[in-house]
Amino acid sequence: MQVAANELRPGTLVRYEGRMCTVVWWNILRNDRRAFCQLRIKDLETGRQTELKEHTDSKWEVLDKEEKDLSHSYRDGIVEVFFTPEGDEVRCAVPAAEEALKWPSETYVGFFVDGQLVAVFPPKHSILTITETSPPIRGAGSGQKEAVLENGMKVKVNLLCDVGDKVRIDTETSEFKERIAK
């Protein structure tokens with residue numbers, strides 16, 4: 001199905017130069033005479049990201065996809081192995097699942113095109129434990145401080161968080177959302 005560039009959104013699967021890609025970021029630029037779409041697309045086989053500036057009326061081939069919940073099992077060389085809730089084993093290239101696997105989770109969302117797993121995405125939020133941060137500052141108002149999570153990522157958390165606390169993180173923006181009560 002052909003779609004204009006201004007109708008694309010993050011998460012859309014497209015074919016670009018004969019390769020399967022997903023739209024990672026999308027923005028419209030307008031000046032006095034015309035509008036453009038800025039796109040950042042990620043090649044699902046290699047993991048490379050490309051930035052493009054297209055006219056809003058340029059046509060893109062959007063791929064029909066099927067979404068399924070998956071659970072990660074293990075890495076087998078250059079492929080990641082997942083299982084569907086029905087127990088079927090599915091495999092995809094490491095770059096297609098690399099970003100999602102940075103976020104520990106029970107279930108991931110898999111995109112299938114023609115019965116083949118082509119991309120894996122993390123859930124919207126992930127709950128992780130803080131492994132390193134400065135001591136909590138009580139009564140200091142609303143502010144933020146650096147913290148290292150169990151998956152090794154550095155994020156800003158509120159001043160009341162301490163080592164061992166569980167926090168909810170937005171997986172798309174890597175932003176702190178809330179501290180989970182013990």
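The values are calculated or read from the model by the stated rules, or taken from the named source; none is laboratory data. Only a predicted model underlies this, so the values are computations on that prediction, with no experimental measurement involved. Reconstructed Cβ throughout: ideal geometry from the backbone, glycine too, with neighbour counts over all protein chains shown.
Quick one: count up the residues across region 64-79 that are modelled with pLDDT under 90 and surrounded by 14 or more Cβ atoms within 10 Å (Cβ to Cβ).
Residues flagged as modelled with pLDDT under 90 and surrounded by 14 or more Cβ atoms within 10 Å (Cβ to Cβ) within region 64-79 amount to 1.
Considering only strands (runs of 3 or more DSSP E) fully contained in region 104-159, which possess at least 3 residues that are in contact with a strand residue (DSSP E or B) (Cβ under 6 Å, 6 or more places away or on another chain) and under 17 Å from S174 (Cα atoms)?
Details: elements: 108-113, 116-121, 125-133, 144-149, 154-158.
By residue number, 125-133, 144-149, 154-158.
Is it the case that R40 is at pLDDT below 90, touching a Ser or Thr at 6+ places or on another chain (Cβ under 9 Å) and farther than 19 Å from V113 by Cβ?
Details: at pLDDT below 90: no; touching a Ser or Thr at 6+ places or on another chain (Cβ under 9 Å): yes; farther than 19 Å from V113 by Cβ: yes.
Taking the combined requirement at face value, the residue does not satisfy it.
So, of the residues in region 73-99 that are β-branched (V, I, T) and outside any loop (DSSP other than H, G, I, E, B), which turns out to be nearest to G11 (Cα to Cα)? Before the answer, list the steps.
First, the residues of region 73-99 that are β-branched (V, I, T): 78-79, 81, 84, 90, 94.
Narrowing further to those that are outside any loop (DSSP other than H, G, I, E, B): 79, 81, 90, 94.
Values: V79: 21, V81: 22, V90: 20, V94: 18 Å.
Only one residue fits best here, namely V94.
So, in region 113-128, of the ones that are among the hydrophobic types (A, V, I, L, M, F, W, C), out of contact with any Cys (no Cβ under 9 Å at 6 or more places or on another chain) and surrounded by 18 or more Cβ atoms within 10 Å (Cβ to Cβ), which residue ends up nearest to K68 (Cα to Cα)? Write out each step before concluding.
Applying the first criterion (among the hydrophobic types (A, V, I, L, M, F, W, C)) to region 113-128 yields 113, 117-121, 127-128.
Now drop any that are not out of contact with any Cys (no Cβ under 9 Å at 6 or more places or on another chain), which leaves 113, 121, 127-128.
Now drop any that are not surrounded by 18 or more Cβ atoms within 10 Å (Cβ to Cβ), which leaves 121, 128.
Working: F121: 11, L128: 24 Å.
This residue is F121.
Out of curiosity, is F111 at pLDDT below 90, of a type outside the set (A, V, I, L, M) and touching an Asp or Glu at 6+ places or on another chain (Cβ under 9 Å)?
Numbers: at pLDDT below 90: yes; of a type outside the set (A, V, I, L, M): yes; touching an Asp or Glu at 6+ places or on another chain (Cβ under 9 Å): yes.
The answer is yes for F111.
Given the options T22, T46, name the one that is touching a residue at least 60 places away in the same chain (Cβ under 8 Å) and out of contact with any Cys (no Cβ under 6 Å at 6 or more places or on another chain). Write out each step before concluding.
On the way: T46 fails: touching a residue at least 60 places away in the same chain (Cβ under 8 Å).
When all the criteria are applied, what remains is T22.
Restricting to region 129-153, what's the tally of residues that are within 22 Å of L101 (Cβ to Cβ), surrounded by fewer than 14 Cβ atoms within 10 Å (Cβ to Cβ) and out of contact with any Ser or Thr (no Cβ under 9 Å at 6 or more places or on another chain)?
Final tally of qualifying residues: 2.
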